[in-house]
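Novice: What follows is a single structure, and I will ask about it in a moment.
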Amino acid sequence: MGIGQTLLGLLETGSRHGYELKRAYDERFGRDRPLHYGQVYATLARLLKNGLVTETGVEPGGGPERKSYAITDAGVTDVEKWLATPEKPEVYLQSTLYTKVVLALLSGRDAASVLDTQRTAHLQVMRELTRRKAAGDLADTLICDHALFHLEADLRWLELTAERLDELARQVAP
Amino acid sequence: MSLLTATGLCKSFGATEALRGADFAIDTGEIVAIMGPSGSGKSTLLHCLAGIVRPDQGRVAYRERDLVNMSDADRSSLRRSEFGFVFQFGQLVPELSCLENVALPLRLGGMRRKPAEAAAREALDRFELGDLARKRPGEVSGGQGQRVAIARALVTEPKVVFADEPTGALDSLNGERVMGLLLAAAKDVGTAVILVTHDVRVAAYSDREVVVRDGRTPAQVAVP
């Protein structure tokens, strides 16, 4: 995710100190992976250098955490451009898992159990996400749903591969 | 000790071998998903566990009682008093109101109309379906009908609920709502749920999964 653009987007609602930005980011987007202060200040320094933010004041005591920042017109344009640009749809080939299945077949091992192990691991994560959804708010639901749909896609590939194992075994036979 | 166990189940329909040595066990209050590809034997396994289908070979025991060799009358009585059922399309009786549908398992168990309908109304209210009490199944939406079916399955406070693709005919949001209600209500009274599904998002509501492949249940994998 573009941390720079996300911080800019947060600054569009009003100028903030670095620590306020970090807190706002973590609250909305960083539940699983909060930002380090170092990341925030390094990003703000880059945005400042590129003219996307400006310093609006420094509290006594100095230090980067005492500065407040505001978004510039160029920053607003940058956010707009980012929002209008689609993310690259990635073809997520499960290359490692595919390799394991083929190697299991080549070596006469049980390829189905490779898939079974993966299914169990995937379902375990899906259970955790489902529980988190049940206990959480709408933001949790949406974040968990996104992860759940991705895991579901992996599992659909896995089930189809399980049904095609005999065919695959014939094709990879040495 | 497991609540319900099955070992070495085999079942054929004509030349088709639906089950070829399937095993299963569930504890009190546990939620287990039975998964597997279409035609793998999931529903046949569920029906054998519920005493709806008699296996050709193997043993099914509910609290140490042999379900396979039990008389039909005893098995029916056990199903009415200890088991609840939810199917993909609800299978509500179209001629009866939602209230009468929910009261049906109690009436079949010998309860008089008034207390049965009072308990049914309470169950409908618990699922926020009180307004539908007088409506017939044809007059309610698919999601509402499925929630009525869950109320009916749980009205007797069964020890085991058998659910065969309970969200199969619903969209994602209604499916989630139905699963949430089913499992919350089951947890409340310590009911075990056996859930047949091909939907991994539904399976994620379970405590663990049992995979059926070609009529067998391969050793289940434990992931650290």
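The values are calculated or read from the model by the stated rules, or taken from the named source; none is laboratory data. Note that the structure is predicted; figures quoted are calculated from it, not measured. Neighbour counts are summed over all protein chains in view; Cβ atoms, including those assigned to glycine, are modelled from backbone coordinates with ideal geometry.
Novice: Being in a loop (DSSP other than H, G, I, E, B) and in contact with a Gly (Cβ under 7 Å, 6 or more places away or on another chain) is the filter here, so list the residues in the range B:59-83 that pass it.
Specialist: B:67
Novice: Still on this structure: Suppose we keep only residues that are more than 8 Å from every other protein chain (Cβ to nearest Cβ) and within 19 Å of the chain's Cα centre (by Cα) within the range A:118-135. Which one would you say is nearest to residue A:161 (Cα to Cα)?
Specialist: The residue in question is A:125.
Novice: Here's a follow-up. Applying the selection to the range A:13-45, what residues are in a loop (DSSP other than H, G, I, E, B) and in contact with a strand residue (DSSP E or B) (Cβ under 9 Å, 6 or more places away or on another chain)?
Specialist: Matches in the range A:13-45: A:14, A:15.
Novice: Suppose we keep only residues that are in contact (Cβ under 8 Å) with a residue 24 or more places away in the chain and more than 9 Å from chain B (Cβ to nearest Cβ) within the range A:102-117. Which one would you say is nearest to residue A:169 (Cα to Cα)?
Specialist: The selected residue is A:105.
Novice: Closer than 20 Å to residue B:50 by Cα and surrounded by fewer than 17 Cβ atoms within 10 Å (Cβ to Cβ): is that true of residue B:108 in this structure?
Specialist: Against the criterion (closer than 20 Å to residue B:50 by Cα and surrounded by fewer than 17 Cβ atoms within 10 Å (Cβ to Cβ)), residue B:108 qualifies.
Novice: Which one of these does residue A:38 not meet: (1) touching a Leu at 6+ places or on another chain (Cβ under 7 Å); (2) farther than 25 Å from residue A:139 by Cβ?
Specialist: Failed condition: (1).
Novice: Here is a further query. In the range B:9-42, which residues are among the small types (Gly, Ala, Ser) and more than 23 Å from residue B:207 (Cα to Cα)?
Specialist: B:12, B:14, B:15, B:18, B:21, B:39
Novice: Can you name every residue in the range A:103-116 that is aliphatic (A, V, I, L, M) and buried (at least 16 other Cβ atoms within 10 Å of the Cβ)?
Specialist: A:104, A:105, A:111, A:112, A:114, A:115
Novice: Considering only residues that are part of a loop (DSSP other than H, G, I, E, B) and within 14 Å of another protein chain (Cβ to nearest Cβ), which ones fall in the range B:40-58?
Specialist: Matches in the range B:40-58: B:40 only.
Novice: Do we find that residue B:154 is of a type in the set (A, V, I, L, M), in contact (Cβ under 8 Å) with a residue 40 or more places away in the chain and within 14 Å of chain A (Cβ to nearest Cβ) in this structure?
Specialist: The answer is no for residue B:154.
Novice: Of (1) closer than 21 Å to residue B:195 by Cα; (2) assigned to a helix (DSSP H, G or I); (3) touching a Leu at 6+ places or on another chain (Cβ under 9 Å), residue B:99 satisfies all except one. Which?
Specialist: (1)
Novice: Could I ask something else about it? Take the residues in the range B:10-39 that are over 17 Å from residue B:61 (Cβ atoms) and of a type in the set (Ser, Thr, Tyr); name whichever of them is nearest to the other protein chains (Cβ to nearest Cβ).
Specialist: Filtering first and then ranking leaves B:38.
Novice: Being free of Cβ contacts under 8 Å to residues at least 40 places away in the same chain and crowded, with 23+ Cβ neighbours inside 10 Å is the filter here; which residues of the range B:168-203 pass it?
Specialist: Passing the criteria: B:178, B:179.
Novice: Considering only residues that are surrounded by fewer than 20 Cβ atoms within 10 Å (Cβ to Cβ), modelled with pLDDT of 95 or more and touching a Ser or Thr at 6+ places or on another chain (Cβ under 9 Å), which ones fall in the range B:33-58?
Specialist: If the condition is that a residue be surrounded by fewer than 20 Cβ atoms within 10 Å (Cβ to Cβ), modelled with pLDDT of 95 or more and touching a Ser or Thr at 6+ places or on another chain (Cβ under 9 Å), then B:56, B:58 are the ones that fit.
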